[in-house]
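What follows is a single structure, written as structure tokens, with notes after it.
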Amino acid sequence: MLTFAGYMRTLLLNTKDGAGGAGIAARRLLGALRHIGVEADLLVRDRETSLPHIHTTGHRLAARAAFLMERCDVVRAQGGSRSNLFAIDPATRGLRLDQSDLLRRADVVHLHWVNQGFLSLGGLRRLLACGKGVVWTMHDMWPVTGICHHSEACRHWMQECHDCRLLRRPAAQDLSWRTFLEKRSTYARGRISFVAPSDWLADIARRSPLTEGCPVHSIPNPIDTAFYAPGREAEVRERLGIPADHRVLLFAAYKATDEKKGTSYVKAAVQALAENSPELRGRLHVIIVGREAETLREAFPCPAHCFEYVSEETVMRDLYRAADVLLMPTLMDNLPNTVVEAMACGTPCVAFSVGGLPQMIDHGRDGYLARYRDEADFLHGIRSLLLADDYAAIARAARESALRNYAAETVARRYQAVYEEALSHAACTKNPNS
């Protein structure tokens, strides 16, 4: 079997190719891999773009049925309640991806976010039995927990999940415990090479009993740094009616009102800036991007430009360019694409020191890391960037960090090495005397 770049056939799997961080990351990696000569395709349950080399399973009814039946499994586990309906993923249902011609032809199968009726644990067992090299990029904690995507303060995943906070009737042998044991049994059927986009999540993976004996790598999500680059700021601001000498704050999330993304901290910070910073009074603008953004317009004492979720990358790039600072008071996150994109456009970020953010932002050099949930420090970070005498140097440093760490070709080469190692191990397993 040939394994050098041009002949290594790689199949990426993700539930969707459209909205959401995992879908965006998988699409970008697909392009980066093909650019360096890896024959790669992306297989999804729900296709939302028309980009080349992206395929659907072709089983729309089966996919819908698997999704609905799994949600019914969650409702039954909750005693008939819809509580935490989409926060829980037991991976009880999925499609027969092992029967896909794309998968049969692939040398390496690369999982991304495969939940909500796309790939079940039974499907993963069948996939591991195919003798392929298997790589799994963790876009959240689900691969190393029982049923949750973010454990928050819970540490049960470090031994065996049980008494799950998401369940109405937590117990020692509840759904989280049963799913955790099934994951352990499934993972033991083969070797998975795990990849985390951040050092923070890679450290969590290395501490999980589920990944014991499996390699864990830390590789960031790629970005096209030629596309995401500074430029056209004056043109975009003129289109939005923002004077050139005014200061612009950008907040972007899949759902703008999601408190886990820190919406309340954004509102409080802008209110305080408008009231207590005479240098900024009358010169402050806010751009809000995400579902339900319009509902936040009246929350700000300054002009607010609201955009529902932006799927067009050219539009999003222009908004980064128009902004002076990206606000990222997320309360839990891995390696947000939004931060990488903004930095590549020369827009520094103010964020809480949580998850993968400390890896992304060099405090005081290319952005500001506020103490976790510290409203005053978050506000101080915004003020210090907006009023910095060396703002241009900070913006340049943000751009340089993106070029150094997230350039698409650099990331693709690192993944290529992981693929080759995974494929080599799979070949040795099938032919132990080779």
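The values are calculated or read from the model by the stated rules, or taken from the named source; none is laboratory data. As the structure is a computational prediction, the values presented were derived from the model and not from experiment. Quick reminder, even Gly has a Cβ in these numbers, built from the backbone with ideal geometry, and neighbours come from all protein chains shown. Accessible surface areas use protein heavy atoms only, side chains included; no ligands, DNA or RNA. Shrake-Rupley method; radii C 1.70, N 1.55, O 1.52, S 1.80 Å.
Just a few scattered comments:
- Database remark: amide H of L119 closer than 5 angstrom to the amide H of L95 (H placed geometrically; neighbours at sequence offset of 5 or more, or on other chains; Pro and chain starts carry no H).
- Restriction of the GluC sites (Glu not before Pro) in the range 301-396 to DSSP coil positions whose beta-carbon has at most 14 other beta-carbons within 10 angstrom yields E308, E312.
- Solvent exposure of the chain as accessible area per residue, Å², 1.4 Å probe: 42 Å²
- Max mean-square fluctuation residue, GNM over the chain, Cα-Cα springs under 10 Å, options L240, L124, L33: L240
- Under 5 Å, built H, 5+ apart or other chain: amide partners of S218: A196
- Percent accessible area from carbon and sulfur atoms, the range 254-357, protein chains only, probe 1.4 Å: 48 percent
- Efficiency of FRET from Cβ geometry, D163 and D390, R₀ 45 Å, rounded to 0.05: 0.35
- Rounded if a/c under 1.5, otherwise prolate or oblate - the range 297-346, Cα gyration tensor axes: oblate
- Computed over the range 164-319, the P(r) curve from all C-alpha pair distances, binned at 10 Å from the origin, holds 9, 23, 24, 20, 15, 8, 0 percent per bin.
- Phi-derived couplings, Karplus 6.51 cos²θ - 1.76 cosθ + 1.60 at θ = phi - 60°, listed residue by residue for the range 19-24: 5, x, x, 5, x, 5 Hz, with x used for Gly and Pro.
- Applied to the range 213-221, the Karplus parametrisation 6.51 cos²θ - 1.76 cosθ + 1.60 on θ = phi - 60° returns per-residue 3J(HN,Hα) values of x, 10, x, 10, 10, 10, 9, x, 6 Hz, with x for Gly and Pro.
- Charging the Cβ of each Asp and Glu at -1 and of each Lys and Arg at +1, and nothing else, the dipole of the range 136-214 about its Cα centre rounds to 220 debye.
- Dipole magnitude of the range 364-434 about its Cα centre (Cβ charges: Lys, Arg +1; Asp, Glu -1), debye to nearest 20: 180 debye
- Backbone geometry of the range 152-164 corresponds, through the Karplus equation with coefficients 6.51, -1.76 and 1.60 at θ = phi - 60°, to 3J(HN,Hα) couplings of 6, 7, 5, 10, 4, 4, 6, 10, 8, 5, 5, 6, 5 Hz, x marking Gly and Pro.
- Each Lys and Arg contributes +1 and each Asp and Glu -1, all at the Cβ; summed about the Cα centre of the chain, the dipole is approximately 1520 debye.
- Label zone at A234 (point 7 Å along Cα-to-Cβ), backbone N below 11 Å, the range 277-304: none
- Amide H within-cut-off set for L111, under 5 Å, with H built and near neighbours excluded: L13, V135, W136, T137
- Eligible lysines near K183 by straight Cα distance, threshold 30 Å, same-chain separation 8 or greater: K16, K132, K260, K261, K430
- Only one residue of F194, H305, S264 has its Cα farthest out toward the positive end of the dipole of the range 167-309, where Lys and Arg carry +1 and Asp and Glu -1 on Cβ, and that residue is F194.
- Computed from the Cα positions only, the extents of the range 183-269 along the three principal axes stand at 60, 34, 18 Å, in decreasing order.
- Here the sum of -39500 (n - 2.57) over DSSP H runs of 4 or more residues, divided by the residues of the chain, equals -11500 deg cm²/dmol at 222 nm, to the nearest 500.
- Which of G23, L127, A402, positive extreme of dipole for the chain (C-beta unit charges): L127
- Normalising the Debye intensity of the chain to I(0), with uniform scatterers on Cα atoms only, and taking log10 at q = 0.06, 0.08 Å⁻¹ returns -0.26, -0.47.
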